[in-house]
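Here is the structure we will look at, set down as structure tokens.
The values are calculated or read from the model by the stated rules, or taken from the named source; none is laboratory data. Being a predicted model, the structure only gives us computed values, none of them experimental. As a convention, Cβ positions derive from the backbone with ideal geometry for all residues, glycine included, and neighbour counts pool all protein chains shown. Just the protein is used for accessible areas: all its heavy atoms, side chains included, with ligands, DNA and RNA removed. Shrake-Rupley method; radii C 1.70, N 1.55, O 1.52, S 1.80 Å.
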Amino acid sequence: MLEYSTKDPSFTEEHIREEVDTFMFEGHDTTATSITFALQAIARHPEVQRKIYEELQTIFADDPKRKATHRDLQAMKYLEMAIKESLRIYTTVPMIGRTLEEDIQWNGMTLPKGLMINLFLYCVQNSDVSNKDPEVFDPERFNAENSKDRHPYAYVPFSAGARNCIGQKFAMLEMKSTISNVLRNFELLPPVPDHKMILKNDAVLKSDNGVFIGLRSR
Ligand code: HEM
């Protein structure tokens, strides 16, 4: 961007700063939050954790101490399903905004061009219209069989359409890399005494009263 700005003066320092802001915000807090919620969900579901750990043991059977390669991350299929399910329930970006570029007919009303609207991705993903028993944490929702008939807009943690998340593939690799590393070294335990998170929308989803996870060294 710095190089480009020397060739095209209309691409100012302000533009560069805006791009950097976007990447810093969209790329950092989102992934950190998603990892946190996924770890606590896994901690609360020992059966899911057992399956993830078994998958990791198979992948690293040759050398349990070696670092994960890109190919290893691709092989973490069940972990990916668990992460997807966590991104569904704990919708990291609960709400997105749009300005309408044309009039839209919706529910017998005309929403006029220029109107700013909010789309609640959290509600879409946690509604029983789009998911059976939406409160149940079940990675199997994302196996091939259960995924094939899903409406394309029923699961949108990275949004959809022209302005969807450009970092989603990278984000999935980051999440798999971090979570697998934690799970290879620690068993996750649910908080004792139990702790009920109070979720809030703070541009990204947050727990207002913290997130507690127990760790036992493997
Ligand atoms: C789990 C992690 C992530 C989640 C849940 C997430 C979610 C989203 C969502 C919902 C949007 C769309 C906003 C909208 O439609 O208005 C978005 C946009 C974007 N994301 Fe991500 N994101 C994640 C990670 C990342 C990472 C790691 C990067 C960069 C390395 C990134 C870069 C961006 C950028 C640049 C945009 C704006 C795209 C545009 O406006 O055309 N995101 N993200």
Lone qualifier among E174, E135 - being within 17 Å of the chain's Cα centre (by Cα), at pLDDT 95 or above and over 23 Å from D29 (Cα atoms): E135
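So that you can scan it fast, the table gives a plain yes or no per residue for (1) touching a Pro at 6+ places or on another chain (Cβ under 9 Å); (2) of a type in the set (F, W, Y); (3) touching a residue at least 24 places away in the same chain (Cβ under 8 Å):
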| residue | (1), (2), (3) |
| --- | --- |
| H70 | no, no, yes |
| K77 | no, no, no |
| E80 | yes, no, yes |
| I89 | yes, no, yes |
| V93 | yes, no, yes |
| L100 | yes, no, no |
| Q105 | no, no, no |
| G108 | no, no, no |
Being closer than 20 Å to K67 by Cβ and either of a type in the set (F, W, Y) or within 6 Å of the ligand (Cβ to nearest atom) (or both) is the filter here, so list the residues in the range 147-188 that pass it. F170, A171, F186
Only unsatisfied item for I83, checking (1) surrounded by fewer than 16 Cβ atoms within 10 Å (Cβ to Cβ); (2) assigned to a helix (DSSP H, G or I), is (1)
A careful count of residues in the range 99-127 that are in a strand (DSSP E or B) and surrounded by 12 or more Cβ atoms within 10 Å (Cβ to Cβ) gives 5
Quick one: is E47 under 29 Å from I198 (Cβ atoms), modelled with pLDDT of 95 or more and within 13 Å of the ligand (Cβ to nearest atom)? no
Only residues that are among the hydrophobic types (A, V, I, L, M, F, W, C), open to solvent by 40 Å² or more (accessible area, probe 1.4 Å) and part of a loop (DSSP other than H, G, I, E, B): list them for the range 128-167, please. V129, V136, F158, A162, C165, I166
